[in-house]
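A.B. asks: Take a look at this one; I'll ask things after.
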Amino acid sequence: MSFLEVSNLDIKYLTRKETIEASKDVTFTLERGEILGIVGESGSGKSTVANAIINLIDKPGKITNGSIRLDDIECCQNENIIQTIRGKKIGFVFQDPQTSLNPLFRIKDQLVETIQTHLKLSTEEAIRRSVNLLREVGIENPEKRINEYPHQFSGGMRQRVVIALAISCEPDLIIADEPTTALDVSIQFQILKLLKDLTVQRNLGVIIITHDMGVIAETTDKVVVMRYGKIVEQGKTLNILTNPQSNECKSLVMSVPPTNKKIDRFKLISPEGKEISENSTNLTNNIIKNWGARESSNEQLLKFENITKIFDEGSVILSSKKTDKLKALDDVSFNIFEGESFGLVGESGSGKSTIAKIITSLVKPTSGEVYFENISLHDPKNRKIKYKYRGQIQMIFQDPYSSLNPRFKVKDIIAEPIKFFQKNINSNEIQSNVYDLIDIVGMTRQSLDRYPHEFSGGQRQRISIARALATRPRLLICDEPTSALDVSIQAQVLNLLKDLQDELNLTILFISHDLPVIRQMCDRITVLKNGKVCEINETEKLFNNPTHEYTKELIHLMPKIESIL
Amino acid sequence: MIAKTLHKIIDSDIGYSFLKSKIAIISAIVFLIILFCSIFAELVSPYDPFNPLNVSLMDAFTPPVWSEGGNINFLLGTDQQGRDMLSTMIYGSRISLIVGFASILFAMILGVFLGVTSGYLGGRYEIIVMRFTDVQLTIPSILMALLVDGIARGFISKSLHDDMAIYVLIFAIGISEWPQFARVTRAATLVEKNKEYISASKIIGLSNIVIMFKHILPNILRPVLVIATIGLALAIITESTLSFLGVGVPPTTPSLGTLIRFGNNFLFSGEWWITFFPAIFLVVLALSINLLGDWMRDTLNPKLKTR
């Protein structure tokens with residue numbers, strides 16, 4: 001008899017048009033002192049299974065079959081039993097620490113409330129216990145901090161509080177749903193280490209749900225791989241990662257960007273198990289003819305010189321105080337040469353996106369200059385000259401769900417910049433231009449007549465790329481273009497970007513927090529921290545011999561899929 | 001083709017929720033009947049109450065057909081001039097609806113324009129516009145309409161009063177309703193303008209006007225549609241109130257409010273039907289529009305949306 005036994009679990013979502021099977025015949029077990037990873041792409045049903053264990057499935061979802069036994073007590077769909085177990089025997093850690101704590105209650109109140117609900121303790125004892133818990137999860141000076149509100153804690157600290165809440169009633173099982181997805185690499189490392197330590201010290205069973213194979217490799221003992229609500233493979237983590245059997249699993253493992261070497265292209269596997277060697281070389285011919293061939297010149301294209309940006313959103317009427325100003329960028333300088341791909345890497349708040357906004361003139365720098373082909377972009381004298389350069393810088397955004405206008409058809413989204421830049425173009429030419437663009441991003445021409453909401457995240461990102469290419473740009477800024485996508489889709493989009501760069505001689509500024517992705521995509525990399533440049537170097541030199549302390553730390557802390565080998 | 005479009009509408013989420021909601025169906029049917037009757041008043045109503053040939057003072061104060069002394073020719077009785085109540089109400093509702101639609105259209109264009117521009121452009125312009133709406137919202141809409149009406153009367157020569165009355169009324173109601181639109185559209189614009197597709201449009205180099213009215217506007221029409229519907233009922237009621245107070249449309253082309261005012265004089269002398277039926281008619285009209293608006297707000301609000 002295992003500690004947790006989930007067997008033949010079926011969960012269905014009944015909607016008006018169809019019944020979605022979010023979980024089909026899911027069976028797995030978990031022992032004490034073991035960490036189980038549930039991994040899968042979005043929509044694979046991994047969160048649904050976790051929510052089913054604590055009977056928190058949103059309507060119209062329904063468990064239609066199966067059993068969940070914790071310590072040999074059947075607790076599937078039995079709300080009375082679950083009430084006593086949830087919080088006491090099972091602790092839950094949510095994805096986003098910004099929203100999983102009530103902002104109006106002090107940390108003390110939240111901990112004491114949970115403790116007193118399940119354990120019969122006096123308030124003083126509960127407080128003493130809370131302080132010990134906070135100390136255990138690594139919060140310094142807990143006697144003082146317990147009286148603070150959630151907004152006074154940073155993201156990583158808040159996630160520690162959430163973990164403290166989860167273990168406050170000495171549960172036997174902790175379910176962590178994407179516990180580190182919203183956190184930076186260095187904090188992710190600490191939180192995962194904390195979970196691992198707690199598992200050993202308290203002899204807990206832990207379920208970690210994640211889409212990140214690096215996290216799986218670093219923390220888990222066993223893995224369940226899910227796809228479309230079914231378990232496609234399960235077993236020891238080492239076996240799954242080194243010797244995957246099913247096609248789904250192979251595709252998942254192969255799509256993960258390796259952290260220890262640079263590869264040319266990602267290998268892709270079709271659902272039938274064949275290798276896809278999709279290449280868009282022949283498709284770009286039309287575009288090249290249209291654009292005129294471009295020579296790679298290796299000359300400096302963009303110069304970012306001593307830029308400082310202070311965000312000061314003071315009142316328009318009252319003059320704001322001089323203090324408390326946030327320096328988003330502090331004396332940042334770098335050059336980008338034509339034809340190269342230049343990477344910007346850093347944690348949240350390091351100013352990566354601000355740089356993209358300054359280059360695209362969405363915000364103005366406080367001081368410093370940006371030169372594009374030796375023309376200053378922010379000098380008011382250059383307004384007329386700048387007109388010539390409009391459209392030469394384009395951008396691909398992070399969130400594919402908000403970067404396309406939901407009220408426009410795909411063809412209108414792509415055609416708009418074409419019409420804008422070539423005023424006297426006739427409709428036939430527009431159409432052939434749009435066809436060329438939709439072809440090279442690897443989508444069918446039928447999709448032009450549809451609206452963005454009919455496409456998946458990866459397809460939307462391709463539409464976004466087609467729109468960006470419509471103005472014939474020379475510099476393409478990619479701001480976290482794949483962070484909202486699943487790994488296999490990420491691999492496809494990254495391959496596409498590489499192909500386009502080769503064929504069209506694009507210069508790419510690639511912004512990401514994901515070191516393995518940056519390593520695969522970039523020739524040179526800049527490491528940013530709190531608005532300051534730490535290091536600029538060629539990719540392989542940077543990864544093999546980092547000079548700056550912060551770079552060393554980042555590379556050391558990133559979850560590595562190879563770590564298990 | 002038509003069948004296909006119809007099928008698409010019924011199959012959409014909005015169509016589905018419409019067919020699920022009995023209240024929405026009933027109020028839509030009631031509203032459409034009233035709308036149809038008022039548009040085709042010449043065909044629908046038994047008499048043309050404004051043609052002196054049809055009106056005889058001999059028929060004045062005929063009670064409804066089911067009471068003593070009723071006349072089968074006048075289903076709901078007649079007023080003090082011998083006009084058929086049913087016909088006057090149908091013609092009156094036409095005036096009420098015209099004023100309602102026109103004034104809400106006016107308020108919508110003004111409010112949406114100011115809301116989108118102030119939300120998108122920001123800065124001093126936004127502050128000034130929004131303080132204007134704040135001030136406007138402190139003045140009760142009836143008072144505002146009375147004020148506009150009074151001022152307008154001072155400017156327009158007496159002979160033109162009756163002809164211009166309806167336009168003044170439309171302007172007066174419209175000017176008291178626009179702040180609602182401005183507030184809602186500004187809030188929606190603030191949400192939309194931070195989305196990445198707007199950044200993408202800026203990077204392409206599109207002008208502010210194109211971004212505001214081609215990209216943002218279609219995305220914020222849902223809440224505008226909801227307040228326009230609820231505002232329509234409000235505008236019709238405001239019109240009736242003003243007409244009841246005697247500052248609305250002239251008695252020669254009575255609206256529902258004017259009819260109620262006439263009847264009010266006879267309420268205590270036993271001729272209750274002259275004021276009762278227009279009042280009921282007004283209640284039914286406003287209620288059906290309001291219920292439609294409520295349903296629309298629930299359906300189009302993504303926050304309340306459940307599968």
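A.B. asks: Is there a residue being over 12 Å from residue A:418 (Cβ atoms), away from chain B (no Cβ under 14 Å) and not in a helix (DSSP H, G or I) anywhere in region A:458-465?
C.D. replies: no
A.B. asks: In contact with a Pro (Cβ under 9 Å, 6 or more places away or on another chain), closer than 16 Å to residue B:89 by Cβ and aliphatic (A, V, I, L, M): is that true of residue B:260 in this structure?
C.D. replies: Here the answer is yes, as residue B:260 does meet what is asked.
A.B. asks: Now for a different question. Return the residues of region A:138-181 that are in contact (Cβ under 8 Å) with a residue 60 or more places away in the chain and β-branched (Val, Ile, Thr); say none if nothing qualifies.
C.D. replies: A:161, A:162, A:163, A:167, A:174, A:175, A:181
A.B. asks: Considering every residue within region A:79-102, establish whether at least one is in contact with a helix residue (DSSP H, G or I) (Cβ under 6 Å, 6 or more places away or on another chain) and either without any contact (Cβ under 8 Å) to a residue 40 or more places away in the chain or part of a helix (DSSP H, G or I) (or both).
C.D. replies: no
A.B. asks: Among the numbered conditions (1) under 25 Å from residue B:231 (Cα atoms); (2) within 14 Å of chain A (Cβ to nearest Cβ); (3) surrounded by 24 or more Cβ atoms within 10 Å (Cβ to Cβ), tell me where residue B:200 comes up short.
C.D. replies: (1) is the only condition that residue B:200 fails.
A.B. asks: So, one more: Given the conditions (1) crowded, with 18+ Cβ neighbours inside 10 Å; (2) over 30 Å from residue B:119 (Cα atoms), which single one is not true for residue B:212?
C.D. replies: Only one criterion in (1) crowded, with 18+ Cβ neighbours inside 10 Å; (2) over 30 Å from residue B:119 (Cα atoms) is unmet by residue B:212, namely (2).
A.B. asks: Among the listed residues B:183, B:222, identify the single one that is charged (D, E, K, R) and more than 13 Å from every other protein chain (Cβ to nearest Cβ).
C.D. replies: B:183
Conditions (1) closer than 24 Å to residue B:291 by Cβ; (2) in contact (Cβ under 8 Å) with a residue 12 or more places away in the chain, marked per residue:
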{"position": "B:9", "(1), (2)": "yes, no"}
{"position": "B:37", "(1), (2)": "yes, yes"}
{"position": "B:61", "(1), (2)": "no, yes"}
{"position": "B:66", "(1), (2)": "no, no"}
{"position": "B:71", "(1), (2)": "no, yes"}
{"position": "B:76", "(1), (2)": "no, yes"}
{"position": "B:100", "(1), (2)": "yes, yes"}
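A.B. asks: From B:45, B:38, B:27, grab the single residue that is closer than 21 Å to residue B:283 by Cβ, crowded, with 16+ Cβ neighbours inside 10 Å and touching a strand residue (DSSP E or B) at 6+ places or on another chain (Cβ under 9 Å).
C.D. replies: B:45
A.B. asks: If residue A:398 passes every condition in (1) polar (S, T, N, Q); (2) out of contact with any helix residue (DSSP H, G or I) (no Cβ under 6 Å at 6 or more places or on another chain); (3) without any contact (Cβ under 8 Å) to a residue 40 or more places away in the chain but one, which one does it miss?
C.D. replies: The single condition residue A:398 does not satisfy is (3).
A.B. asks: Which strands (runs of 3 or more DSSP E) does region A:1-49 wholly contain that include 2 or more residues that are small (Gly, Ala, Ser)? Give the derivation first.
C.D. replies: Values: elements: A:4-14, A:19-30, A:35-40.
The qualifying strands (runs of 3 or more DSSP E) are A:19-30, A:35-40.
A.B. asks: Every residue in region B:1-34 that is closer than 21 Å to residue B:98 by Cα and in contact with a helix residue (DSSP H, G or I) (Cβ under 7 Å, 6 or more places away or on another chain), please.
C.D. replies: Once the filter is applied, which keeps residues that are closer than 21 Å to residue B:98 by Cα and in contact with a helix residue (DSSP H, G or I) (Cβ under 7 Å, 6 or more places away or on another chain), region B:1-34 yields B:27, B:28, B:30, B:31, B:34.
Here, each number is a calculation from the coordinates, and none is a lab measurement. Please read all numbers here as calculations on a predicted model, not as lab measurements. We place every Cβ from the backbone using ideal geometry, glycine too, and count neighbours over all the protein chains shown.
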